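Below: the structure, in structure tokens.
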Ligand SMILES: [Zn+2]
């Protein structure tokens with residue numbers, strides 16, 4: 001095959017290939033091809049199909065009968081932080097009360113950390129995620145909550161990913177406890193001006209005790225006026241206006257979606273907002289699972305993501321979330337793998353990732369297993385044996 005970039009490589013002898021392109025392979029949403037090959041030209045996929053039909057290339061890699069899937073797209077994480085919350089988790093899981101300040105504990109540690117400490121922490125968790133097959137991640141600010149600390153978090157994140165989200169509206173910080181309206185004014189004013197150049201997205205934690213529907217609308221609308229696209233932490237701990245606001249504002253994603261009315265499900269089914277489910281949070285807080293089956297059966301596009309953060313979901317493992325989704329949220333193994341790859345891409349409004357079809361980035365994971373089903377069938381086992389990002393083997 002002639003190259004537009006210099007070098008072509010074929011990965012061949014793939015037992016099961018997940019393309020996420022129904023027009024390839026078996027016609028299912030996963031576009032499965034058995035005994036498959038992928039041809040990479042530079043940083044892109046040039047061809048996928050049956051091994052026996054693969055075009056000639058410069059280099060050849062034998063997958064040895066393993067499965068290949070698109071790299072995971074983790075569309076929701078909070079990785080710019082310092083400190084940890086082991087005591088809080090231990091108390092919660094030991095049935096003891098814990099009265100310390102949750103997010104505020106991380107805010108204090110993050111404000112006190114140097115740029116170098118925050119960057120080192122971020123790099124450590126990104127490396128951890130990459131080893132587990134994550135080739136694209138979104139990450140947020142939200143543990144600074146001052147103009148300087150929020151903009152610094154975004155600047156640090158933007159050095160590692162294009163999918164950066166301004167979450168100045170994570171909680172109202174203690175210094176504004178008596179005047180939340182003044183904090184909303186800051187988030188939509190001076191803080192937004194400082195943060196917008198470093199971010200693609202704007203997010204708000206729309207929940208009792210955080211920001212109500214009117215505040216969330218004001219924050220997301222202000223962000224949109226500065227060129228940021230909305231996404232929302234919605235309906236995590238209780239019913240609320242977040243999901244319907246997300247659909248109304250054409251947010252790319254409503255994240256959590258644990259407590260939904262029929263009207264919420266209906267709005268998602270008729271809008272273009274993805275429902276992103278984050279089962280690591282329910283696992284780590286022993287909370288009720290989101291009803292994935294209800295959303296899927298209504299025709300909603302569902303993404304699956306880690307919500308990696310030091311308080312409520314300290315896992316960087318998408319395979320772990322897939323196993324939870326299959327075991328406890330009644331997703332099929334096929335649905336869970338789709339949601340963690342193509343679903344994550346949809347939640348970031350991307351079509352160049354999350355699939356292995358000609359033109360997409362050559363971001364993929366090789367599994368030490370004959371099929372993607374093993375991700376749920378063999379929970380907790382490190383099955384990701386190789387990771388390729390932009391056409392280069394990085395793990
Ligand atoms: Zn979150």
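The values are calculated or read from the model by the stated rules, or taken from the named source; none is laboratory data. Note that this is a predicted model, so its numbers are computed, not measured. Glycine gets a Cβ as well: all are built from the backbone with ideal geometry, and neighbour counts include every protein chain shown.
For segment 137-175, which positions are under 19 Å from residue 217 (Cβ atoms) and away from the ligand (no atom under 16 Å from the Cβ)?
172
Filter the strands (runs of 3 or more DSSP E) completely within segment 196-283 down to those with at least 1 residues that are away from the ligand (no atom under 16 Å from the Cβ) and within 26 Å of residue 318 (Cα to Cα). I'd like the intermediate steps shown before the answer.
On the way: elements: 201-206, 229-234, 253-256, 274-277.
Where strands (runs of 3 or more DSSP E) fall fully within segment 196-283 and carry at least 1 residues being away from the ligand (no atom under 16 Å from the Cβ) and within 26 Å of residue 318 (Cα to Cα), they are 229-234.
Taking segment 314-336 as the search range and keeping residues that are closer than 25 Å to residue 123 by Cα and touching a strand residue (DSSP E or B) at 6+ places or on another chain (Cβ under 9 Å), which one is surrounded by the fewest Cβ atoms within 10 Å (Cβ to Cβ)? Can you show your working first?
So the first thing to find is which residues in segment 314-336 are closer than 25 Å to residue 123 by Cα, and the list is 314-322.
Restricting the remaining residues to those that are touching a strand residue (DSSP E or B) at 6+ places or on another chain (Cβ under 9 Å) gives 314-319, 321-322.
Working: 314: 17, 315: 21, 316: 24, 317: 22, 318: 31, 319: 27, 321: 30, 322: 25.
So the residue we want is 314.
Taking residue 71 as the residue in question, decide whether it is loosely packed, with under 13 Cβ neighbours inside 10 Å and modelled with pLDDT of 95 or more. Give the steps one after another, and end with the answer.
On the way: loosely packed, with under 13 Cβ neighbours inside 10 Å: no; modelled with pLDDT of 95 or more: yes.
No: the conditions fail for residue 71.
Could you please find all residues in segment 306-319 being in a loop (DSSP other than H, G, I, E, B), near the ligand (Cβ under 9 Å from one of its atoms) and either over 16 Å from residue 135 (Cα atoms) or not assigned by TED's automatic domain parsing to the domain that holds residue 284 (or both)? Even if it seems obvious, please write down each step before you answer.
Taking segment 306-319 as the starting set, the residues that turn out to be in a loop (DSSP other than H, G, I, E, B) are 306-307, 310-312, 314-317.
Cutting the leftovers down to near the ligand (Cβ under 9 Å from one of its atoms) gives us 307, 312.
If the condition is that a residue be in a loop (DSSP other than H, G, I, E, B), near the ligand (Cβ under 9 Å from one of its atoms) and either over 16 Å from residue 135 (Cα atoms) or not assigned by TED's automatic domain parsing to the domain that holds residue 284 (or both), then 312 is the only one that fits.
Only one of these is touching a helix residue (DSSP H, G or I) at 6+ places or on another chain (Cβ under 8 Å) and not in a helix (DSSP H, G or I): 322, 353. Name it.
Numbers: 322 fails: not in a helix (DSSP H, G or I).
Sole residue among the options that is touching a helix residue (DSSP H, G or I) at 6+ places or on another chain (Cβ under 8 Å) and not in a helix (DSSP H, G or I): 353.
Where residues in segment 29-87 are within 16 Å of the ligand (Cβ to nearest atom) and out of contact with any strand residue (DSSP E or B) (no Cβ under 6 Å at 6 or more places or on another chain), which of them is farthest from residue 198 (Cα to Cα)?
Among them, the one singled out is 85.
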